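Read through the structure below, which is laid out as structure tokens, and then see the notes.
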Amino acid sequence: MNNIKSICVFCGSSTGADPEYTSAARELGTLLGKKGITLVYGGSNIGLMRSIADACLKAGGHVIGVMPRGLIDREVAYLELKEFYTVESMSERKEKMAELSDAFIAMPGGIGTLDEIFEVMSWNQLQIMDKPMALLNVKGYYNDLVNFLNYTVNQRFVRPEHRANLLVNENPVLLLEAIENHESLKVDSKWIDELKAETAKRL
């Protein structure tokens, strides 16, 4: 059982094409607030990011925003939050959010959301960080991505253990339960030696 006190949620600064994305953001934000789990997110006051922050606050939860100074200057920051961190770059933003969070969830979003969850997956693979990470697969939004990740395993570019460490569920309640009960799979350090041997065969 993981002691989850804060969860970083990556999601779109757009509301997306389907109202169910907003509904899911509100449901997840409400769940976090009611469970006393701090929401860490990108600090925006628009799109799904605003929806999940407002829902968490309305449910009595605590919300932490993290945003690069350049985006604040575009007037998209939720500056009314009681805890808000201003950083200098997108890289610093990801590092700060990771520092503040015990787990990660990617909701529907665009390039920035994908970048954020993939960086977390990379840190997990390299054993830089060992925290639960997940996709909230609202209306099958991530189905094609999940299929592609399974294909990368099939083609031996991603280890099955690393793929399995990414939790996937369309139900916010069940996803939170999976995060709280998740035990990361570890890869034997010999896998690097295996890659060296495999590379030598192809030379």
Note on region 56-203: contact order normalised by length, alpha-carbon pairs under 8 Å, 6 or more apart, percent, works out to 17 percent
If neighbour count is taken as other Cβ atoms inside 10 Å, put I4, I128 in order from fewest to most. I128, I4
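Quick one: Y142, Y85, Y41, fewest Cβ neighbours within 10 Å first, how do they rank? It would help to have the intermediate numbers written out before the result.
On the way: Y142 22, Y85 17, Y41 28.
Ascending Cβ contact count within 10 Å gives the list Y85, Y142, Y41.
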Computed lengthening from F118 to N150, 0.36 nm per intervening residue step minus Cα-Cα distance: 10.1 nm
If neighbour count is taken as other Cβ atoms inside 10 Å, put S51, S101 in order from fewest to most. S51, S101
Over 20 Å (Cα to Cα) - which of K34/K82; K5/K96; K82/K131; K131/K196; K58/K96 fall in this group: K82/K131; K131/K196; K58/K96
Net charge around I179, counting only other residues with Cβ within less than 10 Å of its Cβ (Lys, Arg = +1; Asp, Glu = -1)? -2
Average projected area [Cα convex hull, region 6-202], square nanometres: 11.6 nm²
For the chain, built as a Gaussian network whose Cα springs stay under 10 Å, the top-fluctuating residue of N45, N169, N147: N147
Mean-square fluctuation check for the chain, GNM, Cα pairs under 10 Å: which of G12, G110, G33 is largest? G110
Determine, from the Cβ-Cβ distance of K186 and R69 and an R0 of 30 Å, the FRET efficiency 1/(1 + (r/R0)^6), rounded to the nearest 0.05. 0.20
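Every read-out reported here was derived from the displayed coordinates using simple, explicitly stated rules and does not represent laboratory data. The structure displayed is predicted, hence computed values, not measured ones. As a convention, Cβ positions derive from the backbone with ideal geometry for all residues, glycine included, and neighbour counts pool all protein chains shown.
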